[in-house]
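To start, the structure itself, in structure tokens.
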Amino acid sequence: MSADAQPRSSPVPSIERLLQAAARRGLIESFGRNAVRSALRSVVEEWRVGFREGAAEPAEAHGLLAAAEHRLMAECEPQLRPVFNLTGTVLHTNLGRAPLPRAATDAVARVALGACNLEFDLEGGARGDRDAHVEEWLCRLTGAEAATLVNNNAAAVLLVLSTLARGKEVVVSRGELVEIGGSFRIPDIMRQAGAKLREVGTTNRTHAQDYEAALSPRTGLAMRVHPSNYRIEGFTALASDDAIAGICRLRGLPFVVDLGSGSLIDLERFGLPHERTPREAVAAGADLVTFSGDKLLGGPQAGLIVGRRDLVALLKRNPLKRALRCDKMTIAALGAVLPLFAYPERLSETLPALALLTCPERDIAALTARILPDVARALDGLATAAAITCCSQIGSGAFPTDLLPSAGLRLSPVRSRTAPGLSVQRLARALRQLPTPVIGRSEKRSVVLDMRCLADEETFIAQLPALRTLLTQETNPG
Ligand SMILES: *Cc1c(COP(=O)(O)O)cnc(C)c1O
């Protein structure tokens with residue numbers, strides 16, 4: 001019988017022996033006996049499979065231990081980690097939306113490490129209100145009487161509807177029944193809140209008298225929803241906020257505006273398109289206005305609700321508010337971001353989200369030109385790199401059709417001996433496999449990297465050799 005006919009076998013050090021060696025290596029001290037044992041078992045099992053298939057070398061304790069240590073360290077790495085967002089979408093929901101200013105992350109760290117006065121009134125020594133830490137700033141920046149906050153804007157809308165319109169009708173224009181990111185749909189939120197949707201008008205035209213005719217004793221409130229991610233153009237008409245607010249006021253019904261992005265300042269002063277501000281909505285007569293903390297506001301994920309004091313008090317008494325309340329880290333971050341708006345002249349430096357959105361094309365082009373040679377060198381023979389002009393999007397539903405002139409790199413795979421048939425998919429995958437993954441935009445024949453949001457040039461360049469290694473070592477084309 002030839003050796004090939006028999007299953008290959010080789011003595012493997014016992015798990016007990018490996019555990020003793022692991023203890024000498026300090027692994028048990030670092031990771032705990034159970035975790036080390038289970039890592040060793042997995043490594044030995046993988047080795048057995050590989051050996052049976054003829055791939056693995058004979059087992060030796062040192063190699064198995066090293067593999068187990070590598071696995072334990074990888075397991076303990078947080079799965080959630082920084083990436084380079086070079087997609088060209090600045091406020092990218094899948095990539096965590098707004099980058100926070102250092103002042104906000106410092107504030108988070110200070111309260112996260114220990115106890116803080118989250119719901120404690122330092123003046124009177126009694127129980128306090130967690131919203132109080134940001135309410136004054138929200139009122140000052142929006143002109144509202146009162147404010148509260150929950151985990152995100154979807155939660156804000158849910159809380160408002162379920163507090164003011166449970167079992168009642170909510171009047172909304174047919175042109176505003178939006179879906180945002182597939183998971184937030186106005187009709188679904190209505191149903192969840194126990195409210196009945198009462199559509200008025202048509203997709204392209206809704207007049208004040210449409211709202212007027214729809215109001216009845218069954219109505220809970222009228223709502224306007226910012227059509228965040230689309231724009232209706234052509235033969236259109238929309239009742240103004242003032243008109244709807246006036247109609248609602250006569251009937252004693254609340255008028256609610258879901259602004260979505262809600263920039264706290266007029267962005268036109270920064271050369272960006274105008275986006276309706278909460279202050280404008282409040283001034284036009286909205287009784288409650290809801291908006292996100294991590295879209296154009298540039299803060300942490302949160303849903304902010306500003307407006308009439310009596311209505312905010314009702315929201316705060318709803319048990320749902322307890323379920324949707326923000327944690328201390330969110331409140332700390334927001335408490336550091338809101339004061340930046342008191343000095344709008346400096347905001348494009350102090351608020352990173354705005355700094356990215358207002359970054360001039362020539363600066364992005366200069367950055368691109370600086371890193372092009374390093375990228376070209378790393379990809380030499382594998383892909384060509386060319387500096388291009390491109391367009392960034394604001395993202396998160398703000399100005400869906402307005403684009404920001406930007407610059408970046410177009411990486412186009414070439415066929416060569418070193419990487420036969422390198423595909424766009426494989427190039428994009430290698431970029432994602434880097435220590436700090438690079439997320440670009442895959443097109444038909446190339447990967448485009450929009451350099452607007454490249455904050456850390458050094459780290460980007462430092463990992464380029466690793467990109468080359470990934471592309472040349474891996475043999476199976478992706
Ligand atoms: C983004 C958006 C929401 C959802 O806000 P989140 O903070 O993502 O929960 C709701 N309404 C509108 C109009 C939006 O643009």
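Coordinate-derived values only; no laboratory data. Small disclaimer: the values here were computed from a predicted structure and weren't measured. Neighbour counts run over all protein chains shown; Cβ positions are idealised from the backbone, glycine included.
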### Message
Under the rule of at least 5 residues apart or a separate chain, name every residue whose amide H is placed under 5 Å from the amide H of residue 152.
### Response
303
### Task
Calculate, for residue 327 and residue 20, the FRET efficiency according to 1/(1 + (r/R0)^6) with r their C-beta to C-beta distance and R0 35 Å; round to the nearest 0.05.
0.20
### Message
With the crude spin-label approximation of a point 7 Å out along Cα→Cβ, what separation in nm comes out for residue 362 versus residue 236?
### Response
3.4
### Query
Which residues' amide hydrogens lie under 5 Å from the amide hydrogen of residue 200, considering only partners 5 or more residues apart or on another chain, with H built in the peptide plane?
172, 173, 174
## Note on the structure
Taking Cα atoms only, helix 33-52 is inclined relative to the longest principal axis of the chain by an angle, in degrees rounded to 10, of 60
### Message
Give me a comma-separated list of calculated 3J(HN,Hα) values for the range 284-301, in order, Karplus coefficients 6.51, -1.76, 1.60 applied at θ = phi - 60°, integers in Hz, x for any Gly or Pro.
### Response
6, x, 5, 7, 9, 10, 10, 7, 8, x, 10, 9, 5, 5, x, x, x, 4
### Message
Given all pairs of different Cα atoms, what value in angstroms does the Kirkwood hydrodynamic radius of the chain take?
### Response
26.1
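How much net charge surrounds residue 358 when only the other residues with a Cβ under 14 Å from the Cβ of residue 358 are counted, with Lys and Arg +1 and Asp and Glu -1? Provide the component values of the computation, followed by the final result.
Details: positive: 269, 346, 362, 452; negative: 266, 268, 275, 345, 349, 361, 363, 402.
Counting the neighbours of residue 358, the net charge comes to -4.
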### Message
For the chain, take the longest principal axis of its alpha carbons; what is the angle in degrees between that and the long axis of helix 102-112, to the nearest 10 within 0 to 90?
### Response
80
#### Entry: Length added when fully stretched, residue 77-residue 129, from 0.36 nm per residue minus Cα-Cα
15.1 nm
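Give the order of 442, 42 when sorted by the count of other beta carbons within 10 angstrom, beginning with the fewest. Write down the numbers at each step before the final one.
Values: 442 17, 42 13.
If I rank by nearby Cβ atoms, fewest first, I get 42, 442.
Grab the other residues whose beta carbon is less than 13 angstrom from that of residue 448, score K and R as +1, D and E as -1, and report the net. Mind dumping the intermediate values first?
Working: positive: 410, 441, 444, 445, 452; negative: 443, 450.
Charge balance in the 13 Å sphere: +3.
Given 10 °C and 1.306 mPa s, compute D for the range 292-435 with the Stokes-Einstein relation, Rh being the Kirkwood radius over Cα pairs; round to the nearest whole µm²/s. If you can, show how the numbers build up before the last one.
Values: Rh = 19.3 Å.
Here the translational diffusion coefficient equals 82 µm²/s.
Show me the ranking of peptides 232-240, 284-292 by mean Cβ neighbours inside 10 Å, starting with the highest.
Working: 232-240: 12.6, 284-292: 26.3.
Top of the packing list down: 284-292, 232-240.
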### Message
Using only DSSP helix segments of four residues or longer, with each worth -39500 (n - 2.57), what per-residue ellipticity at 222 nm results for the chain after dividing by its residue count and rounding to 500?
### Response
-12000 deg cm²/dmol
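Which links in 196/295; 168/316; 168/295; 196/321 stretch past 23 Å when you go from one Cα to the other? Walk me through the numbers before you get to the answer.
Numbers: 196/295 28 Å; 168/316 20 Å; 168/295 30 Å; 196/321 21 Å.
196/295; 168/295, as the Cα separations exceed 23 Å there.
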### Query
Given H placed 1.01 Å from N in the peptide plane, which residues other than close sequence neighbours of residue 177 have an amide H under 5 Å from its amide H?
none
#### Entry: Separation of the residue 34 and residue 402 label points, Cα + 7 Å toward Cβ, nm
5.5
### Query
Which value results for Rg/Rh of the range 15-76 when Rg is the Cα radius of gyration and Rh the Kirkwood radius based on the inverse mean 1/r?
0.97
### Those GluC sites (Glu not before Pro) in the range 239-300 that DSSP places in a loop and that have at most 13 other beta carbons within 10 Å
none
#### Entry: Backbone HN-Hα couplings from phi across the range 317-326 [Karplus 6.51/-1.76/1.60, Hz, Gly and Pro as x]
8, 5, x, 4, 4, 4, 6, 9, 5, 7
### Summary
In this structure, the FRET efficiency calculated for residue 205 and residue 122 from their beta-carbon separation, with R0 = 45 Å, to the nearest 0.05, is 0.25
### Message
As I understand it, the value is the acute angle between the Cα axis of helix 361-378 and the longest principal axis of the Cα atoms of the chain; what does it come to in degrees, rounded to 10?
### Response
10
### Task
Could you sort 371-381, 72-82 so that the peptide with the highest average Cβ count within 10 Å comes first and the rest follow in order?
371-381, 72-82
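Using only alpha carbon positions, build the gyration tensor of the range 102-349, then give the equivalent ellipsoid semi-axes as the square roots of 5 times its eigenvalues, largest first, whole angstrom.
Values: eigenvalues 192, 89, 48 Å².
Semi-axes (√(5λ), whole Å): 31, 21, 15.
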### Task
Compute the length gained on full extension between residue 432 and residue 140: take 0.36 nm times their separation in residues and subtract their Cα-Cα distance, giving the result in nm to one decimal.
100.8 nm
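If R₀ is 51 angstrom, what is the calculated FRET efficiency for the pair residue 469 and residue 310, using the beta carbon separation as r and rounding to 0.05? Intermediate values should be presented prior to the final figure.
Working: r = 64 Å, r/R0 = 1.25.
Taking R0 as 51 Å, the efficiency between residue 469 and residue 310 is 0.20.
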### Query
With each pseudo-label sitting 7 Å past Cα toward Cβ, what's the residue 415-residue 191 distance in nm, one decimal?
5.1
